[in-house]
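None of the figures in this text is laboratory data; all of them are computed from the coordinates on show. Predicted model, so just to flag it, every value in this text is computed and none were measured. All Cβ positions, glycine included, derive from the backbone under ideal geometry; neighbour counts span all protein chains shown.
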Amino acid sequence: QVQLVESGGGLVQAGGSLRLSCAASGRAFTVYNMAWFRQAPGKEREFVAVTSPRGTRVDLGDSVKGRFTISRTNANTVELQMNNLKSEDTAVYYCASSPLWTRTAASYDYWGQGTQVTVSS
């Protein structure tokens, strides 16, 4: 059974930092890209970042470039370091996996349950 479990969300003041972690199990993640998406109330799910199986290739969404970094600590763990957080970063953050290199949520076949990030201004 494939499982993606996010952790590390919480409440932080604007300008602060948080690190999210996603632990994956149940498949050979060594061949899958892993990504972070987020969804704020009333908005569509938004691409945040993606990393390749060995972490050698990354892509970041325009709204988070220069503030967020994604890293693959091993085949089954991906982290999202979020710095200089803004109120508009408030959302539920989801971890997902895909065999494709893509920013499109529909191309990701497994998802975690999400973790809430709230940034107070």
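Overview of results
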| item | result |
| --- | --- |
| Scaled radius of gyration (Cα, divided by 2.2 N^0.38 Å) that the range 15-69 gives | 1.27 |
| Loop sites in the range 1-76: GluC sites (Glu not before Pro), DSSP, at most 14 other Cβ within 10 Å | 44 |
| Unit charges on C-beta of K, R, D, E only; dipole of the chain, Debye | 220 debye |
| Within the chain, longest stretch clear of exposed trypsin sites (Lys or Arg not before Pro) (DSSP loop, no more than 12 other Cβ within 10 Å) | 66-121 |
